[in-house]
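Before any comments, here is the structure.
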Amino acid sequence: MKRLAQVVGVRAGVRTVPAQRRCEMGAAEPVKTGDDEREEVLEYLRNMEISAQESVVAVVKALDSAVEPVKLTDEQGAVLLEEQLRRVRAAETDEDARKELQKARQAMKVLTKSHAPGPRCYTAAITACALAGETALADQYLQLAEENAVALGADACNALLDLPKYSSRGLNFLDFMRKRGVEPTEETYNRLLLAARDAGDGVLVLRIFRKLKEENKATAEHYQWTMQALATYFSQQNDFERLFSTVRTMLSASLPFRTDEDVPQVLAAFLRYIKSTDDADSARATAELATLFWEAAVRKPSSGKALVVPPQSAFHSILRIYALTGNPGGAEDVIVDLQERNIDVTEVMRERVTEAYSSRASSA
C-alpha cells in the first residue's frame, strides 16, 4: 500500500519524494509497521498546509483509492473534517460555502469506510451544513448519529440554530436538546434570543427572556437584545404607547440601538403617529422624543469612532417629523449630519427645511 503522504504528495508543506526515487538517490526505504503508518497519517493531517486548497480533497482521494483501507481513528477523521469546516466558514459566498460543504460530505462518506465516525466528526459535519444553509443534509447527519448511537453535545445542537427550521422552534428547541441528553448552554440561549430578535418576533423574545430570568441566567446583554427587539416589534405593530415607553427606557439606560434595524423602524413609527394624531401637543412631544432618539442613536455614538450612518429612509423620516412639527433648527441640524457623512442632500430634503419654517410660522 502506498503511504498516504506519498499519494497526496505533500507533508507539512514539503513535497515528498517517492520511495523508488529516494532509493535511486541512495536513501533506504525504512520498513513501516501498521502503527507507524497510522501515526504518519495523523501527523500529516495535523500538519496540513492550510493554504493548500486541494490538500483535503487529495487526502480524501488518497483514502478512497488506497488498495488497502486506511483505518483512521475518530480523532484523525475529525482533524480532516474540522479543516474542511474551517474552509466553509471562510467561504466568501454562499456558492463557495456549498462547494466546500460537498468536499466535507465526500470526506464524511470516505471516513465511514474506515471507522464509525464519532461525536467530533458529526459535530464538524453538522456545523458545516448549518453554515452553508443545507438543512436536509444536516438532518441526515443528525439521523445517522442517532441511528449509530453517537451522543452529540451542545456544540452540534447549537450549530443547528443557524438553520431557521431549528431557531424558529424557540423554547421548544430546549426540549429537543434535553430529549437527547444535552443541557442548553449560554450560547444556546444567546442564539435563540438573537434569532427571535432578528426575526422581529417580539413575543418570542419576551418568552425567552422570561425563561432566562426564571433560570437566573439573564444578563445585561440579554436585556439589551430584548429591548432592541421590542423597539422594532412595537414599531412594526404601530403599538405607539409601548414603543414610546420602550424607547424612553432604552434612552434612560443608555442602551444602544441597531443602526440598520431599530433606527429606521422607530423613526418611521414616530412619523406615522405624528401624521395620524390631531393632538398638536402630543405630536410635538413625540418629535422631542424623536430628537432624543436621533441624538443617542445617530449622533452620540460617533464620538471618537466612525460616524454612524443609518439608511437614508431614517434621514427622510426625521426631516419629515421636523417639517410637520415646525422645527427648522432640528431640520438644519439633520442637513449638517448628512453633509458630515458625505451623503448627497437632495432637493426634497432641503424642501423639508423650508416646510419646517413654514409650519412654525403658521403655528405662531
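Just a few scattered comments:
- Of all residues in segment 258-272, none satisfies being over 23 Å from A331 (Cα atoms), polar (S, T, N, Q) and surrounded by fewer than 20 Cβ atoms within 10 Å (Cβ to Cβ).
- Identity of the residue in segment 124-139, without any contact (Cβ under 8 Å) to a residue 40 or more places away in the chain and surrounded by 16 or more Cβ atoms within 10 Å (Cβ to Cβ), that ends up nearest to E82 (Cα to Cα): I126
- Any hit, segment 299-312, residues being part of a helix (DSSP H, G or I), surrounded by fewer than 16 Cβ atoms within 10 Å (Cβ to Cβ) and over 30 Å from the mean Cα position of the chain (by Cα): no
- Meets criteria (open to solvent by 10 Å² or more (accessible area, probe 1.4 Å) and either without any contact (Cβ under 8 Å) to a residue 60 or more places away in the chain or on the phi < 0 side of the Ramachandran plot (or both)) for T188: no
- Residue pairs whose Cβ atoms lie under 6 Å apart, separated by 6 or more positions or on different chains, with the first residue in segment 347-364 and free of Cβ contacts under 8 Å to residues at least 40 places away in the same chain and the second among the hydrophobic types (A, V, I, L, M, F, W, C), are M349/L319; R352/L319; R352/A323; R352/A331; V353/A331; E355/A323; A356/A323; A356/A331.
- Screening the candidates R207, R169, R180, R197 for the property of being of a type in the set (D, E, K, R) and surrounded by 18 or more Cβ atoms within 10 Å (Cβ to Cβ) yields one hit, R197.
- If the condition is being open to solvent by 20 Å² or more (accessible area, probe 1.4 Å) and of a type outside the set (S, T, Y), then segment 245-257 contributes R248, L251, A253, L255, P256, F257.
- Count of residues meeting criterion [part of a loop (DSSP other than H, G, I, E, B) and charged (D, E, K, R)] in segment 245-267: 3
- Test: residue in segment 90-99 that is over 15 Å from A159 (Cβ atoms), modelled with pLDDT of 85 or more and of a type in the set (A, V, I, L, M, F, W, C): yes
- Within segment 334-364, the set of residues being in a helix (DSSP H, G or I), among the basic types (K, R) and open to solvent by less than 60 Å² (accessible area, probe 1.4 Å) comprises R352 only.
- Check on R242, open to solvent by 80 Å² or more (accessible area, probe 1.4 Å) and assigned to a helix (DSSP H, G or I): yes
- Residues (free of Cβ contacts under 8 Å to residues at least 12 places away in the same chain, surrounded by 13 or more Cβ atoms within 10 Å (Cβ to Cβ) and under 18 Å from D74 (Cα atoms)) located in segment 86-115: T112
- Test: residue in segment 315-332 that is surrounded by fewer than 18 Cβ atoms within 10 Å (Cβ to Cβ) and either of a type in the set (A, V, I, L, M) or under 25 Å from Q224 (Cα atoms) (or both): no
The values are calculated or read from the model by the stated rules, or taken from the named source; none is laboratory data. Fair warning: this is a prediction, and the values are worked out from it, not measured in the lab. Neighbour counts are summed over all protein chains in view; Cβ atoms, including those assigned to glycine, are modelled from backbone coordinates with ideal geometry. Remember, those area values only see protein heavy atoms, side chains included, never the ligands or the DNA or RNA. Shrake-Rupley method; radii C 1.70, N 1.55, O 1.52, S 1.80 Å.
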